[in-house]
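The values are calculated or read from the model by the stated rules, or taken from the named source; none is laboratory data. Remember, it's a predicted structure, so these values are computed and weren't measured experimentally. We place every Cβ from the backbone using ideal geometry, glycine too, and count neighbours over all the protein chains shown. Ligands, DNA and RNA are stripped out before the accessible areas are found, and what is left, the full protein with its side chains, is counted by its heavy atoms. Shrake-Rupley method; radii C 1.70, N 1.55, O 1.52, S 1.80 Å.
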Amino acid sequence: MFRCGRTVFSLDRPLVMGIVNVTPDSFSDGGRHLGPHQAILHGLSLVEAGADILDIGGESTRPGAAAVSVQDELERVLPVLEGLRDCGAALSLDTMKPEVMRAALSLGVDMINDVRALQAPGALEAVAESDCGLCLMHMQGVPRAMQCQPRYQDVVAQVSAFLRARLDVALRAGIARERLVIDPGFGFGKNLEHNVALFQALGQFTQIAPTLVGVSRKSMLGLMTGREVGERLAASIAAALAAAQRGAAILRVHDVGETVDALKIMAILGKP
Ligand code: 7PM
């Protein structure tokens, strides 16, 4: 079960989280969703396509990205949250800033997706009093430099130890277990070998907590297929299905309609 603000998901099938970028520098969308109006329309189209959750991000966490101020992030994101509040999907906000979390929660956001796993001072306190769902993600380093020389002794052991520790901290802060999902953070301070090892170990992560997987259009798929970012749809669908087969609870994707169709086929034809 996943308690996520206004919605309680049973997790009897993988949920599809559609990505709504409000950043002008988003690599995957080439800035197409610049501005609240465009982002709202895009979000509505993803709901129409079958998204269970919309993940709205106003601060780019991409490798090499520059930091965004609290004020800029709020200006980008709040109008989009307001415009999508009653869209029919749960609303997630992709942020690492406690001030942004608080403002979004007071607007009724259902979930906080934090690539820093609530390590920012004040982040735990900002979410503890609410009933929002939370995604705790692993990242090595900071977005600006994380892809420089990622190194691990044992990537699966280290990432799972980190996520267990953050889960414990959240539980001790009074956050109910049913509100928490974990995420190995594909591409966040990991090379291809690390990403593949983590993916193949998804079964271990799902034993810790419901697991979110975000690999849509990522460079790991580019490295495996030789495709540029605009040509990674088939690879993204295949990766989403592989994640679902390994027990992922939530699939974070750009191409919602295609992923929903693929999951429908797998639910019937892929039965053991
Ligand atoms: C450039 C590189 C732009 C990477 C955007 C990205 C995840 C996430 C992102 C993820 C969770 C993207 C990423 N990825 N949040 N936010 N898990 N929880 O492809 O894998 O959208 S940003």
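In plain terms, the chain from ILE208 to ASP86 could stretch by 40.7 nm, reckoned as 0.36 nm per residue minus the Cα-Cα distance. In terms of packing, defined here as the mean over residues of other Cβ atoms within 10 angstrom, the peptides 7-16, 241-250 line up highest first as 241-250, 7-16. Using the Cβ of VAL127 as centre and a radius below 15 Å, the other residues enclosed give a net charge of 0, where K and R count +1 and D and E count -1. On a per residue basis, the convex hull of the C-alpha atoms belonging to the chain measures out at 116 Å³. Compared with the direct C-alpha span, the chain from ALA267 to THR7 gains 91.3 nm at full extension, assuming 0.36 nm per residue.
What's the center-to-center distance, using Cα atoms, between region 210-243 and region 81-151 in Å? Answer, in whole Å: 23. Using the rule -39500 (n - 2.57) for each DSSP H run of four or more residues, divided by the residues of the chain, the 222 nm mean residue ellipticity is -12500 deg cm²/dmol.
Helices assigned as whole DSSP H runs in the chain whose Cα atoms extend at least 15 Å along their own long axis and whose mean Kyte-Doolittle hydropathy is 0.5 or higher are found at 155-172, 233-245, 256-269. Give me the percent of the accessible area of the chain that comes from carbon and sulfur atoms, probe 1.4 Å, all protein chains in place. Of all accessible area on the chain, carbon and sulfur atoms account for 52 percent.
Heavy atoms of the protein chains alone define the surface here; on that basis region 2-260 has 42 Å² accessible area per residue at 1.4 Å probe size.
Here the dipole of the chain is about 700 debye; that uses its Cα centre as origin and unit charges on the Cβ of Lys and Arg (positive) and Asp and Glu (negative).
Straight Cα distances below 21 angstrom link LYS190 to the lysines LYS218, with same-chain residues fewer than 8 positions distant left out.
Take 135-147, 92-104, 152-164 and order them by the average number of nearby Cβ atoms within 10 Å per residue, most first; the result is 92-104, 135-147, 152-164.
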